[in-house]
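The values are calculated or read from the model by the stated rules, or taken from the named source; none is laboratory data. Every value quoted in this text rests on a predicted model; they were computed, and no experiment measured them. Using ideal geometry, Cβ is built from the backbone for each residue, glycine included, and neighbour counts are taken over all protein chains shown. The area values use the complete protein model at the heavy-atom level, side chains included, leaving out ligands, DNA and RNA. Shrake-Rupley method; radii C 1.70, N 1.55, O 1.52, S 1.80 Å.
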Amino acid sequence: AQSVTQLDSQVPVFEEAPVELRCNYSSSVSVYLFWYVQYPNQGLQLLLKYLSGSTLVKGINGFEAEFNKSQTSFHLRKPSVHISDTAEYFCAVSESSSGYALNFGKGTSLLVTP
Amino acid sequence: SAVISQKPSRDICQRGTSLTIQCQVDSQVTMMFWYRQQPGQSLTLIATANQGSEATYESGFVIDKFPISRPNLTFSTLTVSNMSPEDSSIYLCSVEYHQGTQYFGPGTRLLVL
């Protein structure tokens, strides 16, 4: 089964600064990759996904991620963060052989301060 | 995407009792999933619920503790049976769309005393 590693449990950043949240997955022939965001006391919202095609995917709220097959990574980036981006971010992977069930990383807590 | 609702949104229960959580989707979907998110933790898959077949449980989860129903393509329930404080978690349902993309309900926050 796929495993997902989010290398940073917490990332503090100042408002308007760029941010990168790192995600690595175990190698497989074909995987689908996702980033979800969870705001305090809310459910999970899909930020973006990589299914196939272009390795640079753009999502909501100005976020983007790049699929790097050789490094088995799917890092999330935003060029300028806002206070409202403070949330928990989860990287997840699925594959058809496991019935598309999601395997989540442990999450990265992004804290944006003025 | 889909509009997914869960009931109840939160509950406080006594140990030894059971709680049934409902998940309703506004469109027909084949695959639904139930996840648990323990306090401060990531999400763990409990089971996959496909309409017309028995739910498939992940390692560490059993049907006697977490019975699941999937009576049609828009609805599912998860029961947390004989609860203990260790069952205090957020329980989320999700539905699968194109190529594994999943959308989540708002979650049910359960506190067991």
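Using a 1.4 Å probe over the heavy atoms of the protein chains, calculate the carbon and sulfur portion of the accessible area of the stretch B:18-112 as a whole percent. Each step should come with its number before you reach the end.
Values: 1900 of 3910 Å².
For the stretch B:18-112, the apolar C and S fraction of the accessible surface comes to 49 percent.
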Exercise for the section: Using the heavy atoms of the protein chains and a 1.4 angstrom probe, tell me the accessible area per residue for the stretch A:44-114 in square angstrom. Expected result: 44
Practice task
Quote the total accessible area buried by chains B and A together, excluding ligands, DNA and RNA, probe 1.4 Å, nearest 100 Å².
Solution key: 1500
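Could you tell me what percent of the accessible area of the stretch A:37-83 is made up of carbon and sulfur, with a 1.4 Å probe and every protein chain present?
Numbers: 1190 of 2410 Å².
Result for the stretch A:37-83: 49 percent of the exposed heavy-atom area is carbon or sulfur.
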Exercise for the section: At 1.4 Å probe size, with every protein chain present, just tell me what the per residue accessible area of chain B comes to in Å². Expected result: 47
Practice task
Check the protein assembly as shown and count each lysine pair with an alpha-carbon distance under 16 angstrom, considering only pairs eight or more places apart or from different chains.
Solution key: 4
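Restricting to Cα pairs below 8 Å that are 6+ residues apart, what does the relative contact order work out to for chain A? Please round to a whole percent.
Across chain A, relative contact order equals 37 percent.
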Problem - Radius 14 Å from Cβ of residue A:81, net charge of other residues (Lys, Arg +1; Asp, Glu -1) - result: -3
Practice task
Please give the residues from the stretch B:35-71 for which the solvent-accessible area of heavy atoms, probe 1.4 Å, is smaller by at least 50 Å² with all protein chains in place than with the chain isolated.
Solution key: B:42, B:43
Practice task
Run through the DSSP bridge list for the protein assembly as shown and note the antiparallel percent, rounded to the nearest 5.
Solution key: 90
Completion exercise
Restricting to Cα pairs under 8 Å and 6 or more apart, the percent relative contact order of chain B works out to 37
Exercise for the section: Report the accessible area of residue B:93, computed with a 1.4 Å probe over the heavy atoms of all protein chains in place, in Å² rounded to the nearest 10. Expected result: 0
